[in-house]
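The values are calculated or read from the model by the stated rules, or taken from the named source; none is laboratory data. Just so it is clear, the structure is predicted and the values come from calculations on it, not from any experiment. Positions of Cβ are generated from backbone atoms using ideal geometry, with glycine treated the same way; all protein chains shown enter the neighbour counts. The area values use the complete protein model at the heavy-atom level, side chains included, leaving out ligands, DNA and RNA. Shrake-Rupley method; radii C 1.70, N 1.55, O 1.52, S 1.80 Å.
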Amino acid sequence: MNKKNLYNYKLANLDLRLELNYAMKDRMEVFSLFRSASQDDKSVAIKYEGKRWKPLIECNALYVDKNIFVFANVGEVYCYRGIFSSFNFLSTDWNSCLHYTLPAPDAYDIYFHSPPSSEKDIFNAMCLDLIMAHHNRVILHSAYITYRGEGIVFTAPSGTGKSTQAELWANSHDDVEIINGDRSILSCDGDRPMVHGLPFCGTSGICKNVSAPLRAAVVLRQGRENRIRRLGPAEAIRLLMSECAVSPWDSDGTRNILDLLIRIVERIPVYYFSCVPDQSAVRVLEEALEGK
């Protein structure tokens with residue numbers, strides 16, 4: 001029997017226990033910030049189980065695109081990742097597969113054609129957005145800063161200026177820290193919205209393991225002048241949802257995300273901010289946060 005190698009992580013106050021039957025060779029510095037000494041039996045278990053292939057005849061296809069193929073079979077879900085077409089899914093096409101059982105999984109099996117040694121490749125195969133949604137958390141495409149001990153997230157499509165606004169705040173305030181330049185995880189701790197770091201940061205290169213109470217969310221757009229307004233709940237949820245990592249086939253996870261966003265927008269302000277990329281934008285947002 002192969003030796004079990006355990007690797008423990010904590011993301012968004014969620015304990016993840018990765019069980020491999022081989023030793024990981026390429027452990028990356030960025031992931032060291034999220035490793036944990038905990039071996040809590042209540043943690044979410046992600047187990048490597050070797051190769052797995054479910055023929056099409058045994059399953060119903062739930063979702064297909066060029067990178068993921070999802071099957072369901074009597075309460076079981078198989079999320080294969082690779083390069084696919086809707087008409088040609090062969091065992092040689094897929095690179096990894098995440099398998100779990102419904103309705104509320106606390107354990108996931110992960111399969112590889114060729115077991116990767118890289119920590120990053122293993123995390124990419126986990127479908128981390130799916131796992132977070134199953135546990136009432138959501139990954140938001142956003143730059144995340146802390147300001148006076150609280151979190152602010154700037155969310156927008158790529159290229160809009162999230163990192164620019166985060167850097168402007170960091171350059172003008174001694175008590176501002178950029179936690180992640182590209183993504184954050186949102187959750188609720190009781191009635192308190194929270195924001196967390198995660199070990200992926202796009203091209204920003206800024207990635208820290210910091211959790212903070214969420215002060216505000218800012219939906220950014222480029223503008224010729226600074227114009228800010230607080231969004232009503234429906235519009236806030238719609239715009240935040242458009243930047244959330246959502247698995248379209250996962251109705252339970254999507255419902256969890258919507259419920260979470262409802263709780264968040266009921267408790268913190270969400271602003272629509274059309275702004276220019278200079279210090280004047282910092283002043284306008286700061287005045288809005290202070291109620292001026």
Assign unit charges at the C-beta atoms only (+1 for Lys and Arg, -1 for Asp and Glu), then state the dipole size of the chain relative to its Cα centre in Debye, rounded to the nearest 20. 160
Under the Kirkwood approximation applied to all pairs of distinct alpha-carbon atoms, what is the hydrodynamic radius of segment 96-208 in Å? 15.6
Using Cβ-Cβ distances only, list the Cys residues of the chain with no partner cysteine under 4.7 Å, sorted by number. C59, C79, C97, C127, C188, C244, C275
Per-residue ellipticity at 222 nm for the chain, helices alone: DSSP H runs ≥ 4 residues times -39500 (n - 2.57), over residue total, nearest 500 deg cm²/dmol? -6000 deg cm²/dmol
Computed on Cα atoms, Rg of segment 96-150 relative to 2.2 N^0.38 Å comes out at 1.46
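Write down the accessible area per residue of segment 165-292 in Å², having rolled a 1.4 Å probe over the full set of protein chains. Show your work: numbers first, answer last.
On the way: 6000 Å² over 128 residues.
Ligands and nucleic acids excluded, the figure is 47 Å² per residue.
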Which one, Y108, T155, Y80, is farthest towards the positive end of the dipole of the chain when Lys and Arg carry +1 and Asp and Glu -1 on their Cβ? Y80
Just to confirm the number: angle between the C-alpha axis of helix 279-289 and the first principal axis of the chain, 0 to 90 degrees, nearest 10? 90
Work out the charge dipole of segment 223-286 with +1 on the Cβ of Lys and Arg and -1 on the Cβ of Asp and Glu about the Cα centre, then indicate which of N226, P277, W249 is farthest towards its positive end. N226
Can you find, among S43, I185, F71, the residue farthest towards the positive end of the dipole of the chain? Put +1 on the C-beta of Lys and Arg, -1 on that of Asp and Glu. F71
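From the convex hull of the Cα coordinates of segment 146-185, what is the mean projected area in square nanometres? Please report the intermediate quantities before stating the final value.
Working: hull surface 10.7 nm².
Average of the hull's projected areas for segment 146-185 equals 2.7 nm².
Tell me, rounded to the nearest percent, the portion of alpha carbon pairs in segment 207-292 spaced more than 15 Å apart. Display every interim value, and only then the final one.
On the way: 2335 of 3655 pairs.
In whole percent, the share of Cα-Cα pairs in segment 207-292 beyond 15 Å is 64.
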